[in-house]
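These notes are about the structure you will find just below.
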Amino acid sequence: MDVTLTAQVTVTPSGIVLAVAETETVFAAARRCEYWWPTSCGGLGTCRTCVLRVSDGAEHCGPIGDLEREGLASIGSAADERIRLACQLRVTGPVVVAKRGVRRVEELHGL
């Protein structure tokens with residue numbers, strides 16, 4: 001897959017660093033890089049399990065769309081630049097996010 005990587009997302013507390021293409025979400029970048037991101041809907045924006053906290057670089061986060069706003073409201077979180085859904089979040093520059101449970105896919109299977 002030929003992609004143009006335009007941004008970097010650091011995931012804490014794991015220290016994972018994802019190279020994100022301009023056309024993909026943080027969740028999609030994690031999947032492309034073979035990381036498992038907690039979700040039950042597979043990145044469709046319906047389960048809200050992928051919620052994260054932006055700790056640095058909020059100015060590089062794309063706007064919150066209607067689906068994300070609805071999802072955040074359903075979990076009792078006001079839509080702002082700090083609490084986002086990984087499956088909806090697109091970034092244009094360096095961002096640091098907090099999300100527990102992100103890990104290499106092979107770690108899930110004990111490989």
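So here's what we get for this one:
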quantity	calculated
Solvent-accessible area, 1.4 Å probe, carbon plus sulfur percent, for the range 1-69	50
Selected from THR6, PRO38, ALA58, residue furthest toward positive end of dipole (the chain; charges at beta carbon)	PRO38
Solvent-accessible area per residue for the chain (1.4 angstrom probe, square angstrom)	54
Label point at ALA98 placed 7 Å out along Cα→Cβ; residues across the range 70-92 whose backbone nitrogen lies under 14 Å	82-84
Estimated 222 nm signal from helices in the chain, with DSSP H stretches of n ≥ 4 weighted -39500 (n - 2.57), rounded to 500	-4500 deg cm²/dmol
Extended-chain gain in nm, criterion 0.36 nm per residue less alpha-carbon gap, VAL105 and GLU59	13.6 nm
Environment charge of PRO13, counting only residues whose C-beta is closer than 12 Å and scoring Lys/Arg +1, Asp/Glu -1	+4
Förster radius 25 Å - calculated FRET efficiency between THR4 and ILE83, Cβ distance, rounded to 0.05	0.35
Dipole in debye (nearest 20) - the chain, about Cα centre, beta carbon charges: Lys, Arg +1; Asp, Glu -1	340
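The values are calculated or read from the model by the stated rules, or taken from the named source; none is laboratory data. All figures in this text were calculated on a predicted structure; none of them were measured in a lab. So basically every Cβ, Gly included, is an ideal-geometry build from the backbone, and we count neighbours across all protein chains shown. Surface accessibility is based on the protein's heavy atoms, side chains included, excluding ligands, DNA and RNA. Shrake-Rupley method; radii C 1.70, N 1.55, O 1.52, S 1.80 Å.
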